[in-house]
Structure formats: C-alpha cells, structure tokens
1. Could you rank the peptides A:75-86, B:135-146 by their average count of other C-beta atoms within 10 Å per residue, with the highest value first?
2. Ignore the peptide's own chain and count Cβ atoms of other chains within 10 Å of each Cβ in A:51-57; give me the average, rounded.
3. With equal scatterers on the alpha carbons only and no solvent term, can you work out the Debye log10 of I(q)/I(0) for the stretch B:33-86 at 0.22, 0.29 1/Å?
4. Could you give the nm distance between label points at B:Arg151 and B:Ser132, where each point is 7 Å from its Cα heading toward the beta carbon?
5. Consider a paramagnetic label point 7 Å from the Cα of A:Leu167 along Cα→Cβ; state which residues of the stretch B:1-21 have an amide N under 19 Å from it.
6. For peptide A:30-42, how many partner chain Cβ atoms fall within 10 Å of a residue's Cβ, on average?
7. Report, as an integer, the average count of C-beta atoms from other chains found within 10 Å of each Cβ along B:63-75.
Amino acid sequence: MMWEVPVGLESEAARLRRGDPAAFEALLERYQNRVYRYLLRMVREPATAEDLFQQTWLRVAEKIRAYNPQRSFEAWLFSVARNLAIDHLRRYRPESVDEPLATGETRADQLVGAGPTALEGVIVRERSSRLAATLGELPVIYREVLSLRFEEEMKLEEIAEVLGTPLSTVKTRLRRSLEQMRGRLEARGSAREWQV
Amino acid sequence: MIAHDKIRELLALVAAGALDAAEQERLERHLAECVECAQELEGWNALAGGLRRLPMPRPPTGLVERTRTLLGKQLAAEAERRWDMGVLVFLVVFAWTLVLVSWPIVRLMSEGMLGWMDSGLHQTWVWLAVYSALGWLAAAAAAVALGLRQRELRRKV
C-alpha cells in the first residue's frame, strides 16, 4: 500500500519545506486513512474527526518548516494531529480527557468493516465492532496508545515522541490499557469472542 | 512464586511486542516450564491480534477532496506571502544600497556636471536629502501596499 512508504528521503522533505503542492498531495494521499482513523479513535465523533482532519493538514502546511527531517515524519505528523485532538477534548469535554466514559455506547459501533464477505464476514465485523466499541470506552490516554501501537504499528520510541512522554510511561500505559481492555471484555463474557 | 507473578505482569507487554531482550529471554525461560502462563499469554495474543485486525475507518466521501482544496489555497497563500516578503526584503536592501551609493554619485554630479548648470542647487546636502526622502517615501508606500495585501490574504484564508 502506498502509505506504507515513509517520508524520509531528503528530497521529499525539502519539497515539503518549499511548500510544493505535489508533495503535499502525495502526503495527503498516503496518510489520509491513518490520520483519520487516529483522530476518530481519539475523539470518537466522525464530524469532529473530519474537522480535526482538515485542521491537521492545514497545520502541517503551516508548520512544515519546523519539521526536522532527521526525525520520524510519522511521529511528527501524528503529534500535530494529537495536539489538535487534545486541545479539542480539553475545550469541549474537559472532564473526559483522562477519564473513562460512564456509558458504553460509542460511535465506534458504527464503523464499517473491511473483512471477508458473506456470513463469516458479518460475524468478523460484529466481533471487531464490539472490540472497537470496548476500545472506545477506554480513557483517551489508553485508547490512543493502543491505536498507535496496534493500528498504526508504531515503534515504542515513535509513540513516545508522539505523546511527548518517556518510553517507560508508554510501556506502563500500554500494559494498563491492555489490562483494562481485557477486563472489560471479560466482564461482558466476551473475552475471546474476537478470535477468528 | 514472586518470579511467577512478575512474569505475569509482562504477558500483556509481550503480546504488544514491548519487551526488551533481557525481559523476553526471562519470559521464554519461564514459559517453557509454566503452562498457566503459556495459556494466559494465548489470551493476550488473541486480544493483540484482534486489535491489529480492527476495521480501518475510511474518511467520508468528499472529506479528502475538501481538504485538498483547502490545502491548495493555504499553500498558494503561503507562497504569495513568501514572495511578498522576498519583494519587501529586496526593496529594503535596494533602498539602502541606493542611499549609500548616492553619496559619491551626488558629489560627482554636484561638483561636476551640475556645477555649470545651476549654481543654486549644487550643494551636495540638498541633493542627498531629496534623493533619500524620495527613496524612503517609495519604500514606505511599498510597505503599506504589501501590508494591506497580506491582510487581505489572511482574511481570505
């Protein structure tokens, strides 16, 4: 897939810093799904995620000169998206930034799956949807670390860069988030339901 | 027993691929002997696998296109801003160069050609003052024009 190619070539970074529209076009094409998914995991509301998605790319165009090509571009890009999402959460839901939601229902239930077709596909989608819903119930600091590790497949060092925290904190959050996730699934009696 | 409990704390992290080499080695030695931990690890691996296979939510139709349009506008505005700044810097440098270079030129003109043209205006300081004032007036007009243009651009974005 195209987005798997990282931004690392000096010429590409230089083109971005010059404000080359074609370079930004390629960047948007490559990272659109991942940035949108990450924002959706963070804020859980599609309309807000859309708004933040646009703001993220505008901020990237504005701040690209501040990006150091020696560092991971993905980490920088996701930290731009994260800062916007955190600002939004603080502004509109200050009580929920680090706290779990009281109720279980989330928009994550509505996510469209991309699994196999027919009955098996429907079952897989239902299970994944339940898993996504449980993920959506976790506090933002836990669901973001899970999303970055398992969906974005970032290295721990990159996650630490995105979050602006030490590596040990990333490990602690990762362990606690998995424990919370498993605890919630077991409490619902669906601990291994997602296994296919 | 203490070692067993410590190892259990690592099981979630091993499923996340977050152990260092020493922890990994310690864990593998323990798993070879402990069936309970091996079974526990299966559960963590299943959860990690499920998280890796979560469906990818796609951006809604039109969102990427709208973003592309906004991005294009922003990049064009940034390019114009950079161009305007370049022009402003050029004008400032040009104005200063003109002022500095004018001194020997005016001297040459006032003491040379103008000496026989008009005896009343041949003083060097008069020419220098007129020349500098015109230069700075032109630079000020350019700066005001660029400032107004930037404000207009910012309003559009």
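1. Result, highest mean Cβ count within 10 Å first: A:75-86, B:135-146.
2. Values: counts 1, 0, 6, 7, 2, 1, 6.
Across the residues of A:51-57, the mean count of other-chain Cβ atoms within 10 Å is 3.
3. Per q value, in the given order, log10 I(q)/I(0) is -0.86, -1.02.
4. 3.0 nm
5. B:10-21
6. Numbers: counts 0, 0, 6, 5, 1, 2, 8, 6, 0, 2, 2, 2, 0.
So the per-residue partner count for this stretch is 3.
7. Working: counts 8, 8, 0, 3, 11, 7, 1, 5, 10, 4, 2, 9, 10.
Taking the mean over all residues of the peptide, I get 6.
Values quoted throughout were computed directly from the atomic coordinates according to the rules given, and no laboratory measurement underlies them. All of these numbers come straight from a predicted model, not from anything done at the bench. Every residue, glycine as well, gets a Cβ built from its backbone with ideal geometry; the counts of neighbours run over all protein chains shown.
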